[in-house]
Every structure is written in C-alpha cells, then in structure tokens.
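Colleague: Please read through the structure below; I'll follow up with questions.
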Amino acid sequence: MRKNIVAGNWKMNNTLEETQLLLSELLNETLAKEVTTIVAPAYPNLSLASTVLKNSDILVAAQNMHQEVKGAYTGEVSAAMLNAVEVSHVILGHSERRAYFNETNALIASKVDAALQNNITPIFCFGEELANRKDASYKDVIEKQVSEGVLHLSANNIAKVVFAYEPVWAIGTGETASPEQAQEIHSFVRNLIASTYTNEIANSISILYGGSVKPANAKEIFAKPDVDGGLIGGASLNASQFAAIINSF
Ligand code: PGA
C-alpha cells in the first residue's frame with residue numbers, strides 16, 4: 001500500500017511569529033491519521049516548526065536545498081543543516097525554482113542525490129507549462145523532466161522519492177487540472193517508473209498532485225487511482241482549509 005501524503009508548501013510567506021500561530025492552529029485541527037501530513041515553512045522558520053511539531057504526526061520539509069556539502073555558496077543551505085533541524089523532506093524542482101532561479105533538470109538531479117545521501121526524502125516536482133499543454137507536447141516535457149531528474153537513481157533510491165505533478169498553468173491561478181488530466185499524467189509517470197524499474201516499485205511510489213487544490217476540489221482529485229495526495233500552496237496557509245484537504249481522503 002502506498003502512502004497518502006498531503007504537503008503544504010508555505011513558500012515565501014509568514015514571519016517567525018506568524019509561523020508559530022499557523023502551527024498552533026494546525027495542531028488544533030483533527031487530521032486524518034492515515035494521511036502523512038508535511039509542512040514546508042521558509043528556512044528561518046524550520047527550526048521552530050520542528051520544535052513545535054516534535055510530538056505530533058506532522059513532518060517538516062524544506063522548500064529547497066543546495067547540492068554541495070558545504071562551502072562558499074553565499075545564501076545557500078546544505079542537507080546537513082536541514083538534518084540538524086530535523087527536516088525529513090525537501091521540495092526539489094518546484095516550477096518556481098525552475099522558472100525564477102534557472103534550475104535545470106541536471107541541477108535538480110544533483111539536489112535529489114544530495115538529499116538522498118543525507119536521508120532527506122525529496123518531493124520531486126515536475127509539470128508542463130500552458131504552451132506545452134496547448135501544443136500537445138506536455139507528455140514529452142514531463143518525460144524529460146522525470147527522466148533527467150530522477151530516473152538515474154538506483155531502484156533502492158527511487159523507491160524513497162515522493163513525486164509531485166504540478167502543471168505550471170494550475171499553480172496559484174485558481175485553474176485546476178481536472179481529475180482526469182491529473183490521472184492521465186500520474187499513470188503516465190507511474191508507467192515510466194515501471195518500465196525503468198519494476199511494477200512493484202512503481203506501485204509503491206506516492207505521486208501527489210499540486211496546483212490550486214482546495215477543500216472544494218480535493219476529494220475528486222484524490223479519488224483518482226494514481227493520485228496519492230497533494231502538494232498545496234495557497235490553501236495550506238489556512239489551517240482549517242489545509243485540514244479539510246487532508247481530511248478529503
Ligand atoms: P497552489 O500552489 O496550491 O497555490 O496552486 C501549489 C504549489 O506551488 O505547490
């Protein structure tokens with residue numbers, strides 16, 4: 001049985017004090033036990049989140065990470081630094097990182113390697129832009145992102161990765177991929193994993209959907225057979241909305 005996972009990507013929102021408030025609101029919510037819940041605050045708030053969530057079932061993710069072990073990389077954060085503040089997951093290859101910080105498939109692959117070497121679970125994001133959907137090249141784009149980003153991994157390591165399909169045109173736009181569009185890509189990627197590794201590995205991997213998921217649409221998206229949860233941006237900044245999404249399974 002693969003895990004159902006809902007992760008909140010808080011992006012560049014919330015000061016320390018605001019993070020504290022959101023965390024305590026979240027702890028007051030009743031969350032479905034069978035769903036792995038993860039929150040991803042900004043770097044300066046990770047340590048607080050790990051401390052506050054220590055005795056809860058909620059895990060903490062970082063939103064990015066540098067691929068090198070240490071050194072002269074001003075402004076960057078290493079895997080060891082994330083380990084030290086008990087971060088279990090890291091979002092890698094988010095479309096905002098690809099678009100605004102020029103992250104390439106090759107760079108993302110090296111970040112995935114660094115995370116796994118440090119026992120941090122990558123939440124590997126991929127997804128096409130609107131133009132790719134319009135000209136029907138979206139599957140080729142996704143196949144390239146996935147192949148170059150993670151399909152170099154050993155069977156043992158690929159099984160540790162959480163996948164997240166996030167069509168760029170659906171992120172923060174209020175436009176959601178239909179459950180059928182999500183299912184099509186999730187099953188496409190699962191087949192890609194199966195043909196590179198084994199059916200057993202492909203069936204054990206959680207593939208999340210992200211892009212304008214809200215309490216109103218989560219249930220029908222999560223009901224699709226190859227959708228194992230969500231990566232939530234905007235709606236994860238509100239504890240009751242985030243809880244309603246988690247409880248949509
Ligand atoms: P959104 O963001 O839910 O606000 O569309 C999703 C994401 O970027 O992970």
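Colleague: Across region 85-115, what is the total count of residues that are open to solvent by 20 Å² or more (accessible area, probe 1.4 Å) and of a type in the set (A, V, I, L, M)?
Modeller: 4
Colleague: Do we find a residue being among the hydroxyl-bearing types (Ser, Thr, Tyr), away from the ligand (no atom under 12 Å from the Cβ), farther than 19 Å from ASN9 by Cα and touching a helix residue (DSSP H, G or I) at 6+ places or on another chain (Cβ under 7 Å) anywhere in region 177-197? Can you show your working first?
Modeller: So the first thing to find is which residues in region 177-197 are among the hydroxyl-bearing types (Ser, Thr, Tyr), and the list is 178, 187, 195-197.
Imposing the further condition that a residue be away from the ligand (no atom under 12 Å from the Cβ) reduces the set to 178, 187, 195-197.
When the remaining residues are screened for being farther than 19 Å from ASN9 by Cα, the result is 178, 187, 195-197.
Now restrict to residues that are touching a helix residue (DSSP H, G or I) at 6+ places or on another chain (Cβ under 7 Å): 197.
Checking region 177-197: at least one residue is among the hydroxyl-bearing types (Ser, Thr, Tyr), away from the ligand (no atom under 12 Å from the Cβ), farther than 19 Å from ASN9 by Cα and touching a helix residue (DSSP H, G or I) at 6+ places or on another chain (Cβ under 7 Å).
Colleague: Of these, LYS224, LYS219, which one is basic (Lys, Arg) and part of a helix (DSSP H, G or I)?
Modeller: Working: LYS224 fails: part of a helix (DSSP H, G or I).
Among LYS224, LYS219, only LYS219 is basic (Lys, Arg) and part of a helix (DSSP H, G or I).
Colleague: Here is a follow-up. Quickly run through region 227-244 and pick out the residues that are outside any loop (DSSP other than H, G, I, E, B) and away from the ligand (no atom under 11 Å from the Cβ).
Modeller: Taking region 227-244 as the starting set, the residues that turn out to be outside any loop (DSSP other than H, G, I, E, B) are 229-232, 234-237, 239-244.
Passing the criteria: GLY229, ALA239, SER240, ALA243, ALA244.
Colleague: Please count how many residues of region 1-47 are within 16 Å of the ligand (Cβ to nearest atom), open to solvent by 20 Å² or more (accessible area, probe 1.4 Å) and touching a residue at least 60 places away in the same chain (Cβ under 8 Å). So that I can check it myself, show each step before the final result.
Modeller: Step one: list which residues in region 1-47 are within 16 Å of the ligand (Cβ to nearest atom), which gives 5-14, 22, 37-42.
Filter once more, so that each one left must be open to solvent by 20 Å² or more (accessible area, probe 1.4 Å): 11-14, 42.
Next, only the ones that are touching a residue at least 60 places away in the same chain (Cβ under 8 Å) stay: 11, 13-14.
Adding up the residues that qualify gives 3.
Colleague: With the structure loaded, tell me whether VAL162 is within 26 Å of ASP113 (Cβ to Cβ) and β-branched (Val, Ile, Thr) or whether it fails that test.
Modeller: Numbers: within 26 Å of ASP113 (Cβ to Cβ): yes; β-branched (Val, Ile, Thr): yes.
So VAL162 passes the test.
Colleague: List pairs: first in region 198-226 and away from the ligand (no atom under 16 Å from the Cβ), second of a type in the set (Lys, Arg), Cβ under 8 Å, 6+ apart or cross-chain?
Modeller: Pairs found: ALA202/ARG190; ASN203/ARG2; ASN203/ARG190; SER204/ARG2; ILE205/ARG2; ILE205/ARG190; ASP226/ARG190.
Colleague: Just give me the residues in region 145-197 being open to solvent by 40 Å² or more (accessible area, probe 1.4 Å), among the small types (Gly, Ala, Ser) and touching a residue at least 40 places away in the same chain (Cβ under 8 Å), in sequence order.
Modeller: Passing the criteria: SER147, ALA155, ALA159, GLY172.
The values are calculated or read from the model by the stated rules, or taken from the named source; none is laboratory data. Treat the numbers as computed from the prediction; the structure is a model and nothing was measured. Using ideal geometry, Cβ is built from the backbone for each residue, glycine included, and neighbour counts are taken over all protein chains shown. To get the accessible areas, we keep the full protein, side chains included, count just its heavy atoms, and leave off ligands, DNA and RNA. Shrake-Rupley method; radii C 1.70, N 1.55, O 1.52, S 1.80 Å.
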